[in-house]
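Undergrad: I am attaching a structure below and will ask some questions about it afterwards.
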Amino acid sequence: MRAVVYEEPKKFSVRDVPKPPVSGGQVLIEVKSCGICRTDAHIHNGAFISRFPLTPGHEFAGVVAEVGPDVKGFSVGDRVTADNTVLCGECYYCRRDIPLFCENFYSLGCNGPGGFAQYVLVGYDKVFSISDRLSFRQAAFTEPTACAVHGMDVIEVRPGDDVLVFGAGPTGIILTQLLRHGGAGRVVVCASSQAKLDLVARGGYARTVPMDRSDYGKHAKILREAFPRGFDIVIDATGASAVLQQAFDFVKPRGKVVVYGVCGEEETIEVRPYQFFEKEIKLLGSFAQTHCFDRALMFLEEGIVKVDDLVTDVYGLEDYAAALDRMLFGKDVLKVLVEP
Ligand SMILES: [Zn+2]
Ligand SMILES: [Zn+2]
């Protein structure tokens, strides 16, 4: 089969590799659509939990091509997606019921073979059926939606909370839709791409404020005038530490600042401890997801989370280099899908 293979960080090719043999409770999925996300850029640079050689791709959907003898509930031809997280069930954190921090955390597309290939092998306990009304392209958004569902679990929005979201990438927009659905009061998205803000406004997901990357004072002024007391929840969905740094200026007393975007591992920000003391601010992190796929699929199947407008580009597997380039450097790019 054809697959994207990284020999080491930054060095990859699309080539022939053996189709993985299927055994036990394994399901071989023929990949129909697989999203590229920022994590793939981190993996490209050898960061995050990446381990090489590696076939990346953790946001995939497709058709069951083969099932092992112990598989229950799935058969060849089923339309499916799969939770890419594989947890050991035996380590300290798994036994503590905090499997997200499994000490043997294995993630297809991050440190195990993923979906930028014709086929991907998954344990059947991680496979989820999708209905006919969900396209493979829509189903490829189950993983980013699951990350947003986990974000909602972490954030614990209260009815009427005013929320400020910095960033309008795919996961930011999906989270914004969930916030709205989950009882948030006024939601504001502040981002630098006018095209993305237009999409947010068109969908009726949130109010929008343009961000000036060269002069944060501009959007700060607009936000302060519209929300003089600030917001109950301020979310950084940009992964830019300079933006996160600014988040503390907009949070109300007892409010929450959420690290949702992925900053560089070595990046730092400066905070004034007195601000935490004086305002009783909470700082929350939201890392990936596990066990959120069922709810994510429900949100997609019910049309509560809308993703059609988020697909800006579709590439073939052979064009992975161009697809990655587009995701990294393209203007107004939201989700780039790779379809073998
Ligand atoms: Zn992702
Ligand atoms: Zn574990």
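Undergrad: Tell me, which residue of the range 240-288 that is touching a residue at least 40 places away in the same chain (Cβ under 8 Å) and surrounded by fewer than 15 Cβ atoms within 10 Å (Cβ to Cβ) is farthest from Arg38 (Cα to Cα)?
TA: My answer is Gly285.
Undergrad: Mind counting the residues in the range 159-195 that are under 18 Å from the mean Cα position of the chain (by Cα) and small (Gly, Ala, Ser)?
TA: Qualifying residue count for the region: 5.
Undergrad: How many of the residues making up the range 279-319 are small (Gly, Ala, Ser) and touching a Gly at 6+ places or on another chain (Cβ under 9 Å)?
TA: Going through the range 279-319 one residue at a time, the tally reaches 1.
Undergrad: Within the range 113-129, can one find any residue that is in a helix (DSSP H, G or I) and within 16 Å of ligand 2 (Cβ to nearest atom)? Walk me through it before giving the result.
TA: Initial filter on the range 113-129 (in a helix (DSSP H, G or I)): 124-126.
Now drop any that are not within 16 Å of ligand 2 (Cβ to nearest atom), which leaves 125-126.
Yes, some residue in the range 113-129 is in a helix (DSSP H, G or I) and within 16 Å of ligand 2 (Cβ to nearest atom).
Undergrad: For Asn111, work out the one condition from (1) away from ligand 1 (no atom under 16 Å from the Cβ); (2) among the polar types (S, T, N, Q); (3) more than 23 Å from Met298 (Cβ to Cβ) it doesn't fulfil.
TA: The single condition Asn111 does not satisfy is (1).
Undergrad: Taking Val22 as meeting all but one of (1) outside any loop (DSSP other than H, G, I, E, B); (2) surrounded by fewer than 18 Cβ atoms within 10 Å (Cβ to Cβ); (3) more than 16 Å from ligand 1 (Cβ to nearest atom), write down the number of the exception.
TA: (1)
Undergrad: Turning to a different aspect of this structure: Out of all the residues in the range 124-135, which are within 27 Å of Pro69 (Cα to Cα), buried (at least 16 other Cβ atoms within 10 Å of the Cβ) and under 21 Å from the mean Cα position of the chain (by Cα)? First the steps, then the outcome.
TA: Just the residues of the range 124-135 that are within 27 Å of Pro69 (Cα to Cα), to begin with: 124-132.
When the remaining residues are screened for being buried (at least 16 other Cβ atoms within 10 Å of the Cβ), the result is 124, 126-128, 130.
Lys126, Val127, Phe128, Ile130, listed by residue number.
Undergrad: Please give the number of the condition Gln138 fails out of (1) more than 18 Å from the chain's Cα centre (by Cα); (2) touching a residue at least 12 places away in the same chain (Cβ under 8 Å); (3) more than 16 Å from ligand 2 (Cβ to nearest atom).
TA: Exception for Gln138: condition (1).
Undergrad: Pick from the range 83-108 the residues that are touching a residue at least 60 places away in the same chain (Cβ under 8 Å) and more than 8 Å from ligand 2 (Cβ to nearest atom): which of them is farthest from Asp125 (Cα to Cα)?
TA: That would be Leu100.
Undergrad: Let me ask you something else. For the range 316-339, name all the residues that are surrounded by 13 or more Cβ atoms within 10 Å (Cβ to Cβ) and among the hydrophobic types (A, V, I, L, M, F, W, C).
TA: Leu317, Ala321, Ala322, Ala323, Leu324, Met327, Leu328, Val333, Leu334, Val336, Leu337, Val338
Undergrad: For residues that are in a strand (DSSP E or B) and free of Cβ contacts under 8 Å to residues at least 60 places away in the same chain, tally how many sit in the range 203-239. Working first, answer last.
TA: If we filter the range 203-239 for residues that are in a strand (DSSP E or B), which is where we start, we get 207-210, 231-236.
Imposing the further condition that a residue be free of Cβ contacts under 8 Å to residues at least 60 places away in the same chain reduces the set to 207-210.
Here the count works out to 4.
Undergrad: Can you confirm whether the range 145-152 contains a residue that is under 24 Å from Lys32 (Cβ atoms), within 16 Å of ligand 2 (Cβ to nearest atom) and in contact with a Phe, Trp or Tyr (Cβ under 9 Å, 6 or more places away or on another chain)? It would help to see each step written out before you state the result.
TA: Step one: of the range 145-152, the residues under 24 Å from Lys32 (Cβ atoms) are 145-149.
Filter again for within 16 Å of ligand 2 (Cβ to nearest atom), leaving none.
No; the residues of the range 145-152 include none that is under 24 Å from Lys32 (Cβ atoms), within 16 Å of ligand 2 (Cβ to nearest atom) and in contact with a Phe, Trp or Tyr (Cβ under 9 Å, 6 or more places away or on another chain).
Undergrad: Can you name the condition, by its number, that Leu310 falls short on among (1) out of contact with any Asp or Glu (no Cβ under 7 Å at 6 or more places or on another chain); (2) surrounded by fewer than 21 Cβ atoms within 10 Å (Cβ to Cβ)?
TA: Unmet for Leu310, out of (1) out of contact with any Asp or Glu (no Cβ under 7 Å at 6 or more places or on another chain); (2) surrounded by fewer than 21 Cβ atoms within 10 Å (Cβ to Cβ): (2).
For (1) within 27 Å of Ile173 (Cβ to Cβ); (2) in a strand (DSSP E or B), each residue gets a yes or a no:
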| site | (1), (2) |
| --- | --- |
| Arg15 | no, yes |
| Pro18 | no, no |
| Glu30 | no, yes |
| His42 | yes, no |
| Val63 | no, yes |
| Phe74 | no, no |
| Thr81 | yes, yes |
| Cys88 | no, no |
| Tyr93 | no, no |
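We did not get these values from a lab; they are worked out from the coordinates using the rules stated. Quick caveat: nothing in here was measured; it's all calculated off a predicted structure. Using ideal geometry, Cβ is built from the backbone for each residue, glycine included, and neighbour counts are taken over all protein chains shown.
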